[in-house]
1. Looking at the stretch C:182-206, I want the residues that are free of Cβ contacts under 8 Å to residues at least 12 places away in the same chain and have a partner that is of a type in the set (D, E, K, R) with Cβ atoms under 9 Å, at least 6 apart or on another chain. Which pairs are those?
2. Just give me the residues in the stretch B:232-264 being small (Gly, Ala, Ser) and crowded, with 20+ Cβ neighbours inside 10 Å, in sequence order.
3. Give the residue, chosen from A:Ile37, A:Ile78, A:Ile9, that is at pLDDT below 95 and assigned to a helix (DSSP H, G or I).
4. Looking at the stretch B:134-149, is at least one residue touching a residue at least 60 places away in the same chain (Cβ under 8 Å), assigned to a loop (DSSP other than H, G, I, E, B) and surrounded by 13 or more Cβ atoms within 10 Å (Cβ to Cβ)?
5. Step by step: first the residues of the stretch B:155-188, then only those that are crowded, with 22+ Cβ neighbours inside 10 Å and touching a residue at least 40 places away in the same chain (Cβ under 8 Å), then the one that is farthest from the other protein chains (Cβ to nearest Cβ). Which residue is that?
6. What single numbered condition from (1) assigned to a helix (DSSP H, G or I); (2) within 14 Å of chain C (Cβ to nearest Cβ) fails to hold for A:Leu581?
7. Kindly indicate whether C:Asp113 is surrounded by fewer than 17 Cβ atoms within 10 Å (Cβ to Cβ) and out of contact with any Lys or Arg (no Cβ under 9 Å at 6 or more places or on another chain).
Amino acid sequence: MLTKRPFVIEALTALGLLAAPFLLPYLGFAPATINRILVWGLFGLGFDILFGYTGLLSFGQSAFFGTGGMVAAYLLTIAGFPHVVTAIVIGMIAAAIIGYLVGLIALRRTGIYFAMITVAISEVFYFVEFNPLSDFTGGENGLPGVPPPSFNLGFMKLDFNTDLSMYFFLAFWYFLGVVLALRIVRSPVGLVLSAIRDNPLRAQAVGHDIQRYKLTAFVVAAAYAGFAGGLLGVMQGFMPPDAFMFDTSGQLVMQTAIGGPGTLFGPLVGALIWLYLQDFLQGVLHLGSTWKLALGIVFVVLVVFLKRGVIGGIVDLVQLARGGKKAHEAPESDPNAVAEPETSPSLAAAVVPRSPVTTSDKPVIEARQISKRYGGLLANSNIDFLVKEGELRGVIGPNGAGKSTFFKMLTCEVQPTAGQILFNGRDITGQTVTQACQLGLTKSYQINQLFTRLTVRENVVISALAKLRGPFRMDMLRAVESVPGLSERVDQALALVRLTERADAPVAELAYGEKRRLEIGLALASDPRLLLLDEPLAGMSPSERVETVKLLKSIREGRTMIVIDHDMDAIFELAEKITVLSEGKVLVEGTPEEIKNDPVVQEAYLGGVHE
Amino acid sequence: MVNWGNLISQMFNGLVLGMLLALISSGLTIIYGTLGVLNLAHGAMFMLGGYAGWLAFTYTHSFIAAVVVGSLFVMIVGIVMERVIIRSFYDRPHEDQILVTFGIGIVFVEAVRFAFGSLSKIVPPPEMLNGIVNLGFMFYPKYRLALLVIVAVALLVLYIVLYRTKLGMIVRAGIEDAGMVDALGINVHKVFMLVFGIGAMAAGFAGIVNAPVVAVSPDAGESILVQTFVVVVIGGVGSFPGAILGGLIAGEIISITSMFNPGYAYVMLFAAMTLVLVLRPYGLLGTAGRD
Amino acid sequence: MSLLEVKGLNSYYGDSHILFDVALEVQPHEVVALLGRNGAGKSTTFKSLMGMVKPRSGSIKFDGHELVGRAPHEIAQVGLQLVPEERRIFGSLDVEENIILAGLSAKNKWSLDRIYDLFPRLGQRKRSSGTALSGGEQQMLAIARALVRDPKMILLDEPFEGLAPVIVKDLMTACRKLAADGLTIVLVEQNLAATLALASRAYIVNNGHIVHEGKTADIKADPGVLHRYLGV
């Protein structure tokens, strides 16, 4: 992952870029190849934000690469526009606008649909460039005569007409691209993008408008592609029509996958390997057009064996060399360590983060006659339900009683077929889960829904960001840490679920019990007015259960909570009032004592057919 | 002014192309439906069918032999591909599956280019189907007419295999719930292998029977793959009837637009796809399910 | 010799430990129940037996075969059959196709007539698609799919869940008939009355551990046990 130290990566990049034209030729790189690597690397920066960080695998980037390049080349040749950089920027803007429009369509679907739609997009642009727009694009001839940049500084004229001077022109833009991309991935937007990659449903559920974030990533990628396309024409003095070809998209995808997606530098490394092998196989081994076959095989082998590309492979090797993974196993769920911090002052402060709420008569959530029908199955029918401020309500019921459907309706994950849900007196029926979360209603899931490739802290930050920044904000250049109030809130949430010590551990390294606590921590970090816990004890060992019940008691202060669980002892211990659901209806409601001794409940649990 | 004779003959061309796309798309969609893998090498399968058939033809001079060899060869390629590579990708993310099949497709294309060069290869139609026929209202190439019948029969066979045989029963059940099929004593891995083979064969068969119309070249599969994707998005992923409907729609759009300006064929195709995505995001005959 | 012998079985969902050293023994022709609260690990036990959840350790001996590490289709071939809680009917196939599909790979299979004798409702609806069935019919079909393979033992997971009492009675009659014909049945069911009426012996599962084993008659007679592990 990217280091926290400021500007280390930037400085190393600058050094590398300065040294490369003098070192790489010794390894057999032709100067023109080095320049092409930079263009592909810049093209790939945007693509990596889209694919590596946001998880959207697009095969349509050639459309934006070509658009940016053609617009810039058209301005500089046929239109006779003199300013090279301005023309490239205009090309970039054109590509971004096209990206926005295409994104509106392509992002209607995810996964394989998205991939298929983007393949179609790239082909459409290719044909449009070739035929209807050939007057502007030169059709299959492309646009020759694109001038190199040159700046008249008054006292001297800077011309970029040699390979080396062109290199520095390109390196400057690549460096700027890296600096910008680093800002983006370290910004709140960047973190939300990673959250979308890891778990789009949870990113939505903690209150982020993921559709707009995805569109943002798509436009950013299109802009990078457009700029790189402009540079391509300027570098070659000719804008080739094959920039629009599906092959261009494919090459970008392969280079990124070879280098390592999600690293920003993966595409550059991939381009380096790709173009080097191309030169080597063609020029040195005289394999002619066979180079692509060889590269294809290399690519397949890499995808099969190296899941995270060359950079990922190197990282793994380094970790292996350092003596395997650090000892990260949790001190095997030591109940003492967990009970202890309760006395620590910081936690005591954290336990009462909210304005002291006492049980009042004010209803927080109220369901009026809600029903849910799935086809012929009536999962919930006419449920009336009311929880008051400060209450801790338990919901129990035998299997198939409709508990999870009921919970999903309360959190707006599914819409009731009939009825009305009020939250703080406001009708939230028909709202999305994102809107509900923004209003202060959050759920922790029965099956962990975490952002698995991020650290514990980043997970909590993602949830807190939604509360602090709203469902969508384009603060792409701000550092995550500089969001006001964020670190306090995150520290509090981590302390509440006792994960402060583990804040920097990747989620994948957590023990199961810790993941369960983080699951609750994610919900807490959005500081909900109403917290719903769906089977918080699911899958826990008896000692973990004891721990978690303690934890729930400790966060209970000042919050309104509803808990579903199968562990009735735990529910009886936690809740002051219990609702029993059976066959999609409310069977009874009452105190734990009343419920325990209610024959109707016994009957529901133990079965109705007597002989 | 619209030339009606021309329009009708283009609509016929659209029908032929549409049926062909329907067949190829059915192959793609049953593989995706059953195995959950989007095969980006599917276009290459189409191309391989053409080449294997062409090779068989140059040795035997028999069109029938070309069709048989072309289809069977691609089926075997599909089975081997599933067995050796795809199988280890079922548990990996969609993106990895897409990447690996994309790479495999490139390897196939480049291997063919390596072996036979970039020049296209011609497979002539059988003697009796050479020339044109007078349909009363227009003249039409005999082979294209025959192709319509050949592909219709192939689709019918595929339909029968899917809906009227035990294998088809297993495949349909496997699309729904492969785990339960396994628990009922049927080795789903073998079924997966076979489905991959049949799906690939649909593309390979299309590749060889189309060879007399469009000569085979290493890059022939690429545009077919793109068109197939549009067909599947329009029809609905995993739906056999959807593939047929989508194929016919796409075929007609391409042919009729090409009559006015071939450059806009893809624009119109894309416009149709966009329309479907806006109005029915899961495709005309698809259901919300796998994504 | 016992038909099924499970020792030290540990199963996980992902990294969540569900079953802890589960041990079970079932004799041929027995009807045995697994009792326990929701989430106790009963369904996971069944899925582990069927190979649908891969146990991390332990042994499952069934009719002389070791089942741990086997694929579900191999386990089905040695005569064990799960009727899953969600029933998992193939909706794109009709009733008869569902049954035929299930019997495809069976060595001995029941005739369709024998199935329809046991569940006349299925005979009347044999051309209906799986999605068009009522809950009770789906349950019958799920059981029929297992029976057509002529298994030595069936695992019934919540067969009566969500069904009307009339249907439950029908299904219980069918189960009694099967047991009388010598089929070994292991049953998970919330409906305690029905379970205790069907099974002769029961295990109680709590938090993934087997905490009690005994004759159903004894369990009925000792409300303390019931209250401790199941009661509310």
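The values are calculated or read from the model by the stated rules, or taken from the named source; none is laboratory data. Note that the structure is a prediction, hence the values are computed from the model and not measured. Note: ideal-geometry Cβ built from the backbone for every residue, glycine included; neighbour counts use all protein chains shown.
1. So the pair list comes out as C:Ala193/A:Glu611.
2. B:Gly235, B:Gly236, B:Gly238, B:Ser239, B:Gly242, B:Ala243, B:Gly246, B:Gly247, B:Ala250, B:Gly251, B:Ser255
3. Testing whether each residue is at pLDDT below 95 and assigned to a helix (DSSP H, G or I) leaves just A:Ile9.
4. Within the stretch B:134-149, one or more residues are touching a residue at least 60 places away in the same chain (Cβ under 8 Å), assigned to a loop (DSSP other than H, G, I, E, B) and surrounded by 13 or more Cβ atoms within 10 Å (Cβ to Cβ).
5. Top of the filtered list is B:Leu158.
6. It is condition (1) that A:Leu581 fails.
7. yes
Residues are listed down the side, and each one gets a yes or a no for (1) farther than 23 Å from C:Lys109 by Cα; (2) over 16 Å from the mean Cα position of the chain (by Cα); (3) at pLDDT 95 or above; (4) surrounded by fewer than 23 Cβ atoms within 10 Å (Cβ to Cβ):
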site: C:Leu49; (1), (2), (3), (4): no, no, yes, no
site: C:Gly69; (1), (2), (3), (4): yes, yes, no, yes
site: C:Pro72; (1), (2), (3), (4): no, no, yes, no
site: C:Phe90; (1), (2), (3), (4): no, yes, no, no
